[in-house]
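In what follows, a structure is listed as structure tokens, so that the remarks can point back to it.
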Amino acid sequence: MSYDVVIRGGTVATAADTYRADVGIRDGRIVAIADSLADAREVIDAGGLLVLPGGIDSHVHIEQPGGDGSMTADDFESGTRSAACGGTTTIMPFAMQFRGRSLRETTDAYRRKAEGKAMIDYAIHLIIADPTDQVIGQDLPALIKDGYTSFKVYMTYDDLKLNDRQMLDVLSLARREGAMTMIHAENSDCISWLTARLAATGRTGPRYHCTSRPMPVEREASHRAIALAELLDTPMLLVHVSGREAVDEIRRAQARGLKVYGETCPQYLFLEEANLAMPGFMGAMCVCSPPPRDRANQAAMWDALAGGVFQVVSSDHCPYRFNDPKGKMIAGPNAPFWKIPNGIPGIETRLPLLFDGVSKGRITLQQFVALSATNQARIYGLDGRKGAIAVGADADIALWDPKREVTIRNEDLHHNVDYTPYEGITVTGWPVHVLSRGTVVVRDGRPLGRKGHGEFLRCRPPEAAKPAGRRVVPAELV
Ligand code: DUC
Ligand code: ZN
Ligand code: ZN
């Protein structure tokens, strides 16, 4: 049998094991994993390297407009290039509905932004800001059938937030159609009340962003979201969990047998409140929501990763350029914190930062693979095709040098952002070569990807979204 590519002499790691094997690729798929494979058009020497499933970054904001006129800095070209250079081979950005706009038109328009630009494959989540009867009754069921099987809802932000009743409508629909609901859990009224108090006392600098969204704000909303999902026996995933108190809510729910999944992000493992107190307006670079917490919370997050509370580590890449009137400076360099667009870049640094946890013994290599790729595929209906080194899967593969030390510098990254919040952090482990469906898109750390190589992925209703069978209210009411 001949192959298009053989990856020779590497150490394969999956979510279950680590073993020495060659990997044979034909027509973009993995077709053989064996002791020794010959006869290929191209042989990639993987001696000393780990052969890992390419990462799935299941939470990124690419070319996403904000209601305030802001625009995230990466389009599908720069975003996917940067992702690939960081070892990611699939991204999942959001088609965001503005209130009063058709969800179908929003989604179709967003699809067009990706066409001809993406260098790696992508699936699309929806953001539901306006769950009208039309959206719940017709648009969403049809979109789910077309492969958009996950959506995010917000419990905060005036132009996005749903009330509890609307959340129940969405969760009930998700249950009927087998879709996965992602929830941004922060208590909106607490944030606006605290923000008004801070404004009235002149505390408006970026550091007060953290004061306006303390941990109980996230804890209460996480608790409430879990209760709503429990009421309907609907699986859901809490996104960008930032600290111990929210972790405790998830852990308790999981212990009750609920299908509550959790996602965290590198900013909650590596950044802290103090980063928002940088001089002048520089703290704006780390303004994201929920905000980074403190060292004790960082440690709690690593423990929760090691202990299996989280299923997913995403970047929540939501990049705004610092010196840009559509970015962090949208309201000028003296803007109060509530006018600073929320979000930070991280699509390229996600996996190296997480892998550093393997190097430091905080998580295992198997946990890294599960948290970076395999679980995302399962939770969002891409398993079989993505997230695994297995015969029949797409040959989306990242070859990692587990010993390489890299000090993160923005000038070495490939996103379209004028800073990285991780500047100067040294990590051990970095991807060297990356393949997308058998095509080398990064070689020796240099991007080679072709615009338009990336394809749209239709997701299946995921197994993970099937009800746990713990009914609280009568079936006919749900
Ligand atoms: N939520 C996100 O998921 N990303 C950036 C900002 C936010 O609030
Ligand atoms: Zn969010
Ligand atoms: Zn996000």
Legend entry - Space enclosed by the convex hull of the alpha-carbon atoms of segment 304-445, per residue, Å³: 142 Å³
Inset, instruction - Taking the Cα centre of segment 279-390 as origin, work out the dipole magnitude from +1 charges on Lys and Arg Cβ and -1 charges on Asp and Glu Cβ, in debye rounded to 20. - result: 140 debye
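Go ahead and estimate [θ] at 222 nm for the chain from helices alone: -39,500 (n - 2.57) per DSSP H run with n ≥ 4, summed, over the residue count, rounded to 500.
Calculated mean residue ellipticity at 222 nm is -7500 deg cm²/dmol.
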Inset, instruction - Please give every one of the lysines within straight-line cross-link reach of Lys403, meaning a C-alpha to C-alpha distance under 19 Å, and leave out same-chain neighbours fewer than 8 residues apart. - result: Lys360
Inset, instruction - At q = 0.09, 0.12 Å⁻¹, work out log10 I(q)/I(0) for segment 42-172 with the Debye formula, treating every Cα as an identical point scatterer and leaving solvent out; two decimals please. - result: -0.32, -0.53
Legend entry - Convex hull per residue volume in Å³, alpha carbons only, for segment 14-56: 99 Å³
Inset, instruction - Have a look at the DSSP beta bridges in the chain and tell me what percent are antiparallel, nearest 5. - result: 45 percent
Inset, instruction - Can you run the Rg to Rh ratio on segment 195-333? Use alpha carbon positions and the Kirkwood inverse-distance Rh. - result: 1.02
Legend entry - log₁₀ of I(q)/I(0) at q = 0.16, 0.23 Å⁻¹ - segment 384-476, Debye sum with one point per alpha carbon: -0.88, -1.24
Legend entry - Solvent-accessible area, 1.4 Å probe, carbon plus sulfur percent, for the chain: 48 percent
Inset, instruction - Give, in whole angstrom and from largest to smallest, the semi-axes √(5λ) of the equivalent ellipsoid of segment 172-220, with λ running over the eigenvalues of the Cα gyration tensor. - result: 32, 10, 8
Legend entry - Distance between segment 71-149 and segment 171-242 - C-alpha centres, whole angstrom: 22 Å
Legend entry - Protection-proxy order for peptides 244-257, 157-170, each taking the mean of Cβ atoms within 10 Å per residue, highest first: 244-257, 157-170
Inset, instruction - Please report, to two decimal places, log10 I(q)/I(0) for the chain at q = 0.09, 0.11 Å⁻¹ as given by the Debye formula with identical point scatterers on the Cα atoms and no solvent. - result: -0.56, -0.85
Inset, instruction - Using a 1.4 angstrom probe, figure out how much accessible area the chain has per residue, in square angstrom, rounded to the nearest whole. - result: 36 Å²
Inset, instruction - Using only Cα atoms, locate the centre of segment 10-44 and the centre of segment 267-343, then give the distance between them in Å, rounded to an integer. - result: 38 Å
Inset, instruction - With everything on Cα atoms, drop me the angle between helix 295-306 and the longest principal axis of the chain, reported from 0 to 90° to the nearest 10. - result: 50 degrees
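Which values, in whole Å and largest first, are the semi-axes of the equivalent ellipsoid of segment 1-109 obtained as the square root of 5 times each eigenvalue of the Cα gyration tensor?
39, 14, 12
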Legend entry - Angle between the chain longest axis and helix 215-232 axis [Cα atoms, degrees, rounded to 10]: 80 degrees
Inset, instruction - Excluding residues on the same chain fewer than 8 positions from Lys466, give the aspartates and glutamates whose Cα lies under 19 Å from its Cα. - result: Asp146, Asp169, Glu177, Glu230, Asp233, Glu263, Asp383, Glu476
Inset, instruction - Sort largest first and round to whole Å: the equivalent ellipsoid semi-axes of segment 195-249, each the square root of five times a Cα gyration tensor eigenvalue. - result: 29, 11, 8
Inset, instruction - Enter the per residue convex hull volume of segment 333-380, computed from alpha-carbon coordinates, in Å³ rounded to the nearest integer. - result: 132 Å³
Inset, instruction - Averaged over every viewing direction, what's the projected area of the C-alpha convex hull for segment 173-270? Give it in nm², one decimal, please. - result: 7.0 nm²
Inset, instruction - Scan around Ala95 for amide H atoms under 5 Å from its own, H built in the peptide plane at 1.01 Å from N, and keep only partners 5 or more places away or cross-chain. - result: His125, Leu126, Ile127
Inset, instruction - Enumerate the calculated ³J(HN,Hα) couplings along segment 258-269 in order (Karplus 6.51 cos²θ - 1.76 cosθ + 1.60, θ = phi - 60°), each rounded to whole Hz, writing x wherever the residue is Gly or Pro. - result: 7, 8, 10, 9, x, 10, 10, 9, x, 4, 8, 9
Inset, instruction - Please give the helix 244-255 orientation as an angle from the longest Cα principal axis of the chain, in degrees from 0 to 90, rounded to the nearest 10. - result: 70 degrees
Legend entry - Amide proton proximity set for Gly10, modelled H, under 5 Å, gap of 5+: Ala21, Ala46
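The values are calculated or read from the model by the stated rules, or taken from the named source; none is laboratory data. The model shown is predicted, which means the values in this text are computed figures rather than measured ones. Ideal geometry is used to build each Cβ from the backbone, glycine not excepted, and the neighbour counts take in all protein chains shown. For accessibility, only protein heavy atoms count, side chains too; no ligands or nucleic acids. Shrake-Rupley method; radii C 1.70, N 1.55, O 1.52, S 1.80 Å.
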